[in-house]
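Worksheet for the structure shown next.
The values are calculated or read from the model by the stated rules, or taken from the named source; none is laboratory data. The shown structure was predicted, so the numbers you read here are calculated from the model rather than taken from an experiment. Note: ideal-geometry Cβ built from the backbone for every residue, glycine included; neighbour counts use all protein chains shown.
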């Protein structure tokens, strides 16, 4: 009787219409397993989409995994199945028993499950996500008004499973990470944490990129409330949380989305479009509006329920191009004969429009590796609607350049400067991510050429160029203290390296660089506008030196950056400057406290009214070998408090020994 009543009122015809149209944005309130009360009886209502199934039952530890007593009812022609089970409580395990058109009987996890058994078990878990009491109201209110484009953004990318391990070698929990990781992020000067995917996934070494439970925070690290607590603590500490999200493909494990009702459902019926052979996964079928509703709702779920501050969307190139990174011999074409995935592009635009309409302060970052235009431009201007794009071209060029022997760099100077031909075409994030330090690619430090000391000098120089180049910044864990080995996902980071002076000094450098960046607004105020950058000398390939100016909004708010990619020191080196007067060296990567040799400009420098480098004035400086130096015009405040911009002021941020204890 109660079930019949609910069938006439839930879900509504309008909800189902939106779902089948591809515009159901809060499907997590309708599908899945929900604790509820019907006609005075407590229980759980279930709703699942399985249009080609002959029969669907709910099975679990409450009925000895026998579906004969809990067969679901098909809701007309909608392809959805419904059941209310009275007296079922939180914590019960369940799956859907699906009878396919081909005589198979499959056990499937709930695509909308809010929690899952800890691997290797695969059942879904009845869970109430409304219990946690958030304490981040202040952060959430301020986020609405954030001008993300004109603020510093220093992102720390983290794989939770290998940042730290407990003494038994097991994962830290979300709560343990809240007590350690957040302190490390604050201490290091970062503004955001970006977490590799935490949606439920069966295989540890997929790092979360092959998902089975899109609505289920992985049980590896604790409960959903524990993850909420972690995010809440980040917000109370003024740290934003970006979540890696994978709407391009999903894994083929039998309990997951693949052939969900016995037929290709979430994937395309066309195997050429469904298969992703190099990843061993299925692609989502964006031609199905129900799949679009599933993914749109998932994005809104993490924003609504978990308060995350944005997404890094994985493999966008593989979404927008039918044949990108595809190892099959056949070339797939769209209806117009092109290789663009028209339906995926439509989905991306709708996704970004939907997110920004409700959450204008959110970050939507595309990992996009091609020259597809206007990725980070609004949809009304013909763009895809993201507000950021990873600058993978710059990363590839600069790492290729930095790995060259110092004597060879002058022959490849364009790798150093080419990015400025396009750096303002998108809102870019410069990303030294996990992809750069895994699978035999070596760590950033170990990519650097030269002697032991030169490797560290080269890496300090690289970071100096990176932090002063236009664009927001992202750095993968371990790179902050120059981990020598590449990322080893089965063990924790090499925290023991803090016992070695060279690595401790390098961490000191990174901390100072981050705090310097946050304190000097001309390094980020106009990150995405040509007015924020001016070349002084891009052409000195013989000496492998570049000189440029970063500008803020106010007149006179600028700094001059000198980067020397050769192993030669230069005394009395003349550079052009915008105005007459005294200049201060406010930062130098070769400072002894950073492990450098001390080739610094310690005295005030008098600029002369002698034009040079197309500037009205010029001055002579010492240029450190394999070093980066920053100069600012002297003012009364800067002369009195020069170290507010420089090095010694930052001593309070360095920590001796291991961090995060």
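Which of the strands (runs of 3 or more DSSP E) contained wholly in the range 583-661 include at least 3 residues that are modelled with pLDDT of 95 or more and closer than 19 Å to residue 465 by Cα?
In the range 583-661, the matching strands (runs of 3 or more DSSP E) lie at 617-623, 627-633.
Could you figure out which of (1) free of Cβ contacts under 8 Å to residues at least 24 places away in the same chain; (2) buried (at least 17 other Cβ atoms within 10 Å of the Cβ) isn't true of residue 576?
Checking residue 576 against (1) free of Cβ contacts under 8 Å to residues at least 24 places away in the same chain; (2) buried (at least 17 other Cβ atoms within 10 Å of the Cβ), the one that fails is (1).
Farther than 26 Å from residue 234 by Cα, without any contact (Cβ under 8 Å) to a residue 24 or more places away in the chain and surrounded by fewer than 20 Cβ atoms within 10 Å (Cβ to Cβ): which single residue out of 87, 63, 166 fits that description?
Just one listed residue meets the conditions, 63.
Just a yes or no: is a residue in the range 395-411 within 28 Å of residue 458 (Cβ to Cβ) and within 17 Å of the chain's Cα centre (by Cα)?
yes
Against the condition in a helix (DSSP H, G or I) and over 16 Å from residue 629 (Cα atoms), how does residue 496 come out, does it pass?
For residue 496, the condition - in a helix (DSSP H, G or I) and over 16 Å from residue 629 (Cα atoms) - is met.
Restricting to the range 41-60, and then to whatever is in contact with a helix residue (DSSP H, G or I) (Cβ under 9 Å, 6 or more places away or on another chain) and farther than 19 Å from residue 16 by Cβ, can you tell me which residue is surrounded by the most Cβ atoms within 10 Å (Cβ to Cβ)?
Across the range 41-60, the extreme among qualifying residues is 58.
Of the conditions (1) at pLDDT below 95; (2) assigned to a helix (DSSP H, G or I), residue 325 satisfies every one except a single condition; which number is it?
Failed condition: (2).
Output the residues belonging to the range 350-374 that are assigned to a helix (DSSP H, G or I) and surrounded by fewer than 17 Cβ atoms within 10 Å (Cβ to Cβ).
If the condition is that a residue be assigned to a helix (DSSP H, G or I) and surrounded by fewer than 17 Cβ atoms within 10 Å (Cβ to Cβ), then 353, 357, 358 are the ones that fit.
Does residue 299 count as without any contact (Cβ under 8 Å) to a residue 60 or more places away in the chain and either under 25 Å from residue 392 (Cβ atoms) or out of contact with any helix residue (DSSP H, G or I) (no Cβ under 7 Å at 6 or more places or on another chain) (or both)?
So residue 299 fits the description; yes.
For the range 13-59, how many residues meet the condition of being at pLDDT 95 or above, part of a loop (DSSP other than H, G, I, E, B) and more than 17 Å from residue 256 (Cα to Cα)?
Summing the residues that are at pLDDT 95 or above, part of a loop (DSSP other than H, G, I, E, B) and more than 17 Å from residue 256 (Cα to Cα) in the range 13-59 gives 7.
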